[in-house]
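Just below is one structure, and these are the notes that go with it.
Each value in this text was obtained by applying a stated rule to the coordinates, not by laboratory testing. The model shown is predicted, which means the values in this text are computed figures rather than measured ones. Here the Cβ positions follow ideal geometry from the backbone for every residue, glycine too, while neighbour counts run over all protein chains shown.
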Amino acid sequence: MEVIKPNLDGITECNTVKGVIREAETHDMDVACCFFNKCYESNVEARGMEFSSCEFRDCISPNSKFERVAFTDVLFENCDFSNVVFYECNFVRVTFKNCKLVGSNFCNVNMYNILMDNSNISYSSMALGTYKEVCFSENKMSNSVIQEVIMKDVEFENNNLIASQLSRTSLNNVDLSSCDITGIAVTPESLKGLIVNEMQAMELSKLLGIVIK
């Protein structure tokens, strides 16, 4: 899948995420055209604002919270956003590349034209959102939870989905044939139209109580 890359024209380097957020809140403005380079700040918080045409590179911001934040044309590369909460956020033309998002919470999140590439999303929670034109490629997604998500044109390429859970989410036309789905938990109603390979079909048959001799 060819997703649209973020537009990052005219960005200016910034050395603090918290400082930029405080300034934006003070002046009731959004955050635009910022290059956050090697910012190491935990417990970052932002609410009701937009980050547009921004790049986060080599940033570490664990245990942070973004609530009702819009990310438009944003690149996250080599970042550690473990245990970060993205609540009711919108992501449009966003790329996560070589990032660590272990234990992150994507609740009520909408994603459009998104690439998650070679990142660690293990133990993350993705619930109650809409994902359209999203590509998950070469990620570690073991023990992740995808629940009640509406998927349209979503691709999974060579992901580790070991012991992950997919519940109350239609997987119609979703292709997991290149992924490791060992120990996956899927609700039966989600399986209709799911594309898998022969070995995966045998694995999934156990969830339906089918014994194959």
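Before moving on, here are some points about what is shown:
- Helix-only mean residue ellipticity at 222 nm for the chain, each DSSP H run of n ≥ 4 adding -39500 (n - 2.57), per residue, nearest 500: -2500 deg cm²/dmol
- Size of electric dipole in the chain: Cβ of Lys, Arg +1 and of Asp, Glu -1, about Cα centre, debye, nearest 20: 620
- Between THR26 and THR130, the modelled labels are 3.8 nm apart [label points 7 Å from Cα along Cα→Cβ].
- Selected from ALA163, ALA201, ALA70 as most flexible by GNM, with the chain as the system and alpha-carbon contacts under 10 Å: ALA201
- P(r) for the stretch 1-71, from all Cα pairs and a bin width of 5 Å, is 4, 16, 25, 29, 16, 6, 2, 1, 0 %, short bins first.
- Taking 0.36 nm per residue of separation and subtracting the Cα-Cα distance, full extension of the segment from ALA201 to ASN7 would add 65.8 nm.
- Hydrodynamic radius of the chain per Kirkwood, over alpha carbon pairs, in Å: 17.7
- The stretch 12-208: relative contact order as a whole-number percent, Cα under 8 Å and 6+ apart: 10
- Residue order, fewest to most beta carbons within 10 Å, for ARG93, ARG57, ARG22: ARG22, ARG57, ARG93
- For the chain, the longest principal axis of the C-alpha atoms and the axis of helix 17-26 are separated by about 70°.
- Taken as Cα centroids, the stretch 1-61 and the stretch 133-182 sit 28 Å apart, rounded to the nearest whole angstrom.
- Fewest neighbouring Cβ atoms within 10 Å first, the residues ILE11, ILE195 line up as ILE195, ILE11.
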